[in-house]
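To start, the structure itself, in structure tokens.
Please treat every number below as a calculation from the coordinates, not as lab data. What you see is a predicted model, and the numbers here were worked out from it, not measured in a lab. Note: ideal-geometry Cβ built from the backbone for every residue, glycine included; neighbour counts use all protein chains shown.
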Amino acid sequence: MTSHAFAGKVAIAGIGATEFSKKSGRSELRLAVEAVKAALDDAGIHPSEVQGTVTYGTDTNPDVDIARSLGFDDLTFFSRIYFGGGAACGTIQQAALAVNSGVADVVVCYRAFNERSGNRFGAGVQGRAPIANAENAHLASYIPVGLLTPAQWVAMAAARYLYSTGATSEDFGRVAVADRKHAATNPKAWFYQQPITLEEHQASRWIVEPLHLLDCCQETDGGQAIVVTSVERARDLRQDVVIVDAAVQGSAKGQDMMTSYYRDDLCGLPEMGVVARQLWETSGLKPSDIDAAILYDHFTPYVLYQLEELGFCGKGEAKDFIKDGRIELGGELPINTHGGQLGEAYLHGMNGIAEGVRLLRGQSYNQVEGAEKVLVTAGTGVPTSGLILGKDV
Amino acid sequence: MPTEFPDHSDALAKLVGEPSGPVELSPEAVNSAMIRHWVEAMGDRNPVYLDREAARAAGYRDVIAPQTMLQAWIMKGLRHTLDLEAARAAGTVASNDANSTMMALFDDEGRTSVVATNCDQSYVRPLYLGDRLLVRSSIEAISDPKQTGLGHGRFATSLMEFFAVSNEVAERGVSAEELVSQAELVGTMRFRILKFRPGTGATAVVAKPPRPRPAITEDNAFYFEGLRAGELRIQHCTDCGTLRHPPLPGCGSCTSLNWDYVLSAGKGEIYSMVVNHYPQVPAFDYPLPIGLIQLDEGTRIVANLEGDPESWAIGQRVTAEIRALDDELSLPFFHHDDMQED
């Protein structure tokens with residue numbers, strides 16, 4: 001595989017977010033509009049210059065409503081990516097493809113929701129009307145049985161991972177401790193100044209065995225937007241340029257939506273393997289080149305899987321890799337320096353991309369000194385995506 | 001439609017803080033005969049209630065009454081209560097004190113059932129032989145309507161303040177109200193009741209809803225039809241013979257769209273499992289163990305595990321029992337494979 005045509009030619013020029021809360025008191029559309037406006041302001045681009053939009057298939061905010069709210073001019077590109085949080089980095093890939101092919105000069109990617117005060121994903125899908133279509137028929141295997149929530153779907157794989165690798169719940173807990181440690185020093189994080197100990201993780205109540213409460217991400221109200229344009233254009237704008245070295249999507253054989261239970265084993269995320277293969281091949285980089293990683297953390301177990309799939313360690317070795325603070329600030333591979341979705345906010349992975357940008361601009365509250373390459377991943381257990389972002393040199 | 005009842009929130013709010021009724025004086029002084037009956041009934045062998053020497057050794061100036069008798073000294077006896085109820089039923093007694101008014105308002109709201117929920121006593125000093133007790137009662141709190149397990153009701157808390165005077169003072173013929181002003185506070189009691197509408201409790205209101213329904217398409221209908229017929233069906237490619245589950249229109253092994261099904265014997269092994277705790281969906285019982293079962297035929301299926309969640313572990317052998325939950329939905333439930341016990 002050679003490099004993707006857009007690699008190194010497209011940049012992230014702006015990031016913007018609302019506050020992250022449990023009750024925004026505003027409409028989801030208002031959150032989206034605020035985030036998009038903030039991201040454009042951050043870049044120094046007027047809304048009338050936006051030509052393209054990308055969001056998630058699950059986002060409820062029509063791009064045309066945002067366009068009318070902010071006075072966008074003509075749009076030549078509008079796209080959506082499905083599979084929940086798996087879309088996150090894929091939105092940047094869509095934008096990169098559009099920008100590099102000349103379809104649109106400035107593309108805004110966004111995600112906004114009242115995921116705590118409104119429709120809570122953690123509440124489960126039992127209320128879904130049994131309308132006859134394939135998406136609902138997929139859930140027919142799980143709804144009548146009571147396997148209803150993302151935590152439960154992940155736990156089924158995680159239990160097998162523990163059984164097969166000899167990892168323990170404490171190994172999941174180390175991910176939570178690292179996230180919360182980083183959130184504790186990020187004033188934008190919901191859990192600012194609230195670190196946890198491994199003992200507190202172990203003592204937190206069961207949500208679904210083998211997952212404790214503190215293995216689970218937050219539910220958040222908020223919005224996050226990212227502005228993508230060409231490297232050339234970005235160099236004339238307000239912020240230090242962050243280059244998209246690689247942006248890829250991945251789905252793998254036997255892929256299912258959250259319940260890929262019928263593959264040979266449950267101890268991998270082959271779709272993240274597809275992402276990893278492309279990230280390394282198209283960027284020409286290798287794991288040791290990465291200074292920090294933002295690994296999608298809706299639930300802690302899949303962070304271990306990702307470390308293995310991405311090649312930071314061997315299969316089944318993540319439990320040893322994460323020991324002794326290796327994934328904490330100051331360690332060999334700091335992850336989720338914003339606090340992750342357990343600590344900062346659950347924005348379906350979009351806030352993780354923003355943190356990647358901040359690390360390369362030197363703007364993170366938990367700055368990794370001299371960071372030049374940051375890897376970001378999207379939702380796990382679903383068709384997913386990934387990024388390698390680099391400093392402009 | 002349930003019967004519509006009036007809402008007396010405003011009238012009830014005005015009663016809070018009001019005296020429940022007149023101040024009452026105990027019929028007799030604290031005495032050793034009643035104490036003896038009480039401690040014998042309770043099986044309380046503490047000597048300080050009857051033996052003066054033991055009481056003094058324990059630091060009291062004389063024998064004391066058991067603290068929990070606080071209210072017993074005020075009670076007027078069963079005959080008094082029965083006579084009062086008969087008089088009320090006959091309409092020969094007007095009950096217009098705050099407590100009676102409150103109870104009548106509760107009844108009018110449809111809350112005709114009652115249960116005592118809490119009784120908290122606190123003691124200021126021990127009661128000695130010869131103390132005459134007075135009680136002043138008031139309505140301390142009335143809750144907003146709440147759905148409780150027993151029914152839709154309101155909680156009401158009465159505050160009873162107990163005072164003591166010497167027997168001589170009590171016999172001077174002064175009114176009980178006046179005696180209270182010269183008396184010493186010896187203890188308090190808060191008594192809370194729930195007045196509720198009969199038949200509106202948890203079992204009556206929240207009958208367990210049926211399990212949520214699966215979406216049925218032309219692709220998966222055979223599977224659920226099979227369960228209703230008592231069969232665990234596995235989709236089977238008629239071209240290459242590969243089995244597959246969950247159902248799909250095509251074979252991932254050979255791309256054929258031709259299929260039928262085979263019947264599973266319902267035997268297998270737990271490949272993975274979870275125990276659900278939260279959120280708790282009313283259609284299910286928690287903790288809810290769910291297994292990913294590796295069927296002996298080769299496919300896997302997600303299904304409920306029967307019995308004690310603690311008894312399950314990955315690798316255990318299981319057997320399916322297909323059970324109808326209602327006319328529409330049947331599911332396989334897995335239990336421990338008895339053969340494996342040997």
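Note on chain B: helix-only mean residue ellipticity at 222 nm, from DSSP H runs of 4+ residues weighted -39500 (n - 2.57) and normalised by residue number, equals -5500 deg cm²/dmol. When the trypsin sites (Lys or Arg not before Pro) in the stretch A:245-297 are filtered for DSSP coil states and for at most 14 other beta-carbon atoms within 10 Å of their beta-carbon, the remaining sites are A:Lys253. The residues A:Met156, A:Met272, A:Met350, when put in order of fewest to most other Cβ atoms within 10 Å, stand as A:Met156, A:Met272, A:Met350.
Which order results if B:Ile193, A:Ile294 are arranged by neighbouring Cβ count within 10 Å, fewest first? Could the numbers behind the result be given before it?
Values: B:Ile193 19, A:Ile294 30.
Lowest to highest Cβ neighbour count: B:Ile193, A:Ile294.
When only alpha carbons of the protein assembly as shown are considered, Rg and Dmax amount to 35.0, 110 Å.
Computed with the Debye formula from one identical point scatterer per Cα of the stretch A:13-79, without solvent, the log10 of I(q)/I(0) at q = 0.13, 0.16 Å⁻¹ comes to -0.35, -0.53.
In this simple spin-label model, placing a label point 7 Å from the Cα along the Cα-to-Cβ direction at both B:Glu40 and B:Ser175 gives a separation of 4.1 nm. Put simply, when B:263-272, B:23-32, A:180-189, B:324-333 are sorted by average Cβ atoms within 10 angstrom per residue, most first, you get A:180-189, B:263-272, B:23-32, B:324-333.
Can you list which of the trypsin sites (Lys or Arg not before Pro) found in the stretch B:40-72 are DSSP loop residues with at most 16 other C-beta atoms within 10 Å? Hits after loop and neighbour filter: B:Arg45, B:Arg61.
Mean partner shielding of peptide A:134-140, defined as the number of other chain Cβ atoms within 10 Å of each residue Cβ, is 6. Rounded to the nearest 20 debye, the dipole magnitude of the stretch B:221-341 is 420 debye, with +1 charges on Lys and Arg beta carbons, -1 on Asp and Glu beta carbons, and the Cα centre as origin. Of the GluC sites (Glu not before Pro) found in the stretch B:134-210, those in coil by DSSP whose Cβ has at most 16 other Cβ atoms within 10 Å are B:Glu171.
Would you mind calculating the relative contact order of the stretch B:221-341 from Cα pairs under 8 angstrom and at least 6 residues apart, reporting the percent as a whole number? Walk me through the intermediate numbers first.
Working: 237 pairs, mean separation 28.7, N = 121.
Computed value for the stretch B:221-341: 24 percent relative contact order.
Please state the shape class of the stretch A:318-375: rounded when a/c is under 1.5, otherwise prolate if a/b exceeds b/c and oblate if not, all from the C-alpha gyration tensor. In terms of gyration-tensor shape, oblate. The stretch B:221-341 gives an Rg/Rh value of 1.00, both radii derived from C-alpha positions and Rh following Kirkwood. When only alpha carbons are used to place a centre, the stretch A:321-359 and the stretch A:278-300 end up 12 Å from one another.
Helices from chain A with mean Kyte-Doolittle at least 0.5 and a Cα length along the axis of 18 Å or more, per DSSP H: which?
Details: long enough: A:28-43 (23 Å, 0.40); A:88-100 (19 Å, 0.82); A:150-165 (22 Å, 0.27); A:169-183 (21 Å, -0.75); A:270-283 (19 Å, -0.25).
Membrane-span-like by this rule: A:88-100.
Translational diffusion coefficient of chain B (Stokes-Einstein, Kirkwood radius from Cα pairs, 37 °C, 0.692 mPa s): 122 µm²/s.
Applying a 10 Å radius around every beta-carbon, put A:238-246, B:304-312 in order of their mean neighbour count, most first.
Numbers: A:238-246: 21.6, B:304-312: 15.7.
Per-residue Cβ counts within 10 Å, averaged per peptide and sorted highest first, yield A:238-246, B:304-312.
Write down the Kirkwood hydrodynamic radius of the stretch A:47-123, to one decimal in angstroms, obtained as one divided by the mean of 1/r over all alpha carbon pairs.
Its Kirkwood hydrodynamic radius stands at 13.0 Å.
Of all aspartates and glutamates in the structure, the ones whose alpha carbon falls short of 13 Å from that of A:Lys22, not counting any fewer than 8 places away in one chain, are A:Glu115, A:Glu219, A:Asp221, A:Glu344. Taken along its three principal axes, the alpha carbon spread of the stretch A:250-393 comes to 43, 31, 29 Å, from the longest extent down to the shortest.
Just tell me how shielded A:121-127 is by partners: mean number of partner chain Cβ atoms within 10 Å of each residue's Cβ, no decimals. List each step's numbers first, then the result.
Details: counts 0, 2, 2, 5, 1, 9, 2.
Across A:121-127, the average partner-chain Cβ count within 10 Å equals 3.
For A:Ser230, the amide hydrogen comes within under 5 Å of the amide hydrogens of A:Ala11, counting only partners 5 or more places away or on other chains and with H modelled in the peptide plane. Where the centre of each part is set by its Cα atoms, how far does the stretch B:254-277 sit from the stretch A:88-151, in angstrom? Rounded to whole Å, the Cα centres lie 27 Å apart. Peptide B:275-286 is shielded by partner chain Cβ atoms: per residue, an average of 6 of them sit within 10 Å of its Cβ.
In the stretch B:231-301, taking the dipole from charged Cβ atoms about the Cα centre, the farthest positive-side position among B:Thr238, B:Cys254, B:Leu288 is held by B:Leu288.
Working from label points 7 Å from Cα in the Cα-to-Cβ sense, the B:Thr217 to B:Gln71 distance is 6.5 nm.
The spacing between the stretch B:201-242 and the stretch A:31-55, judged by their C-alpha centroids, is 47 Å.
With the simple spin-label model, which puts each label point 7 Å out from Cα in the Cβ direction, the B:Arg61 to A:Asp65 separation comes to 7.9 nm. Would you mind checking the pairs B:Lys76/B:Lys146; B:Lys14/B:Lys195; A:Lys9/A:Lys315; A:Lys23/B:Lys146; A:Lys253/A:Lys319 and listing those with alpha carbons more than 28 angstrom apart? Exceeds cut-off: B:Lys76/B:Lys146; A:Lys9/A:Lys315.
Set the Förster distance to 22 Å, then compute FRET efficiency between A:Leu213 and A:Glu19 from the Cβ-Cβ distance, nearest 0.05. Write out the running numbers ahead of the final one.
Numbers: r = 24 Å, r/R0 = 1.07.
My answer for the efficiency is 0.40.
For chain A, the mean residue ellipticity at 222 nm estimated from helices alone is -9500 deg cm²/dmol, where every DSSP H run of n ≥ 4 contributes -39500 (n - 2.57) and the total is divided by all residues, rounded to the nearest 500. The alpha-carbon atoms of chain A, seen along their principal axes, cover 53, 49, 44 angstrom, with the largest extent given first.
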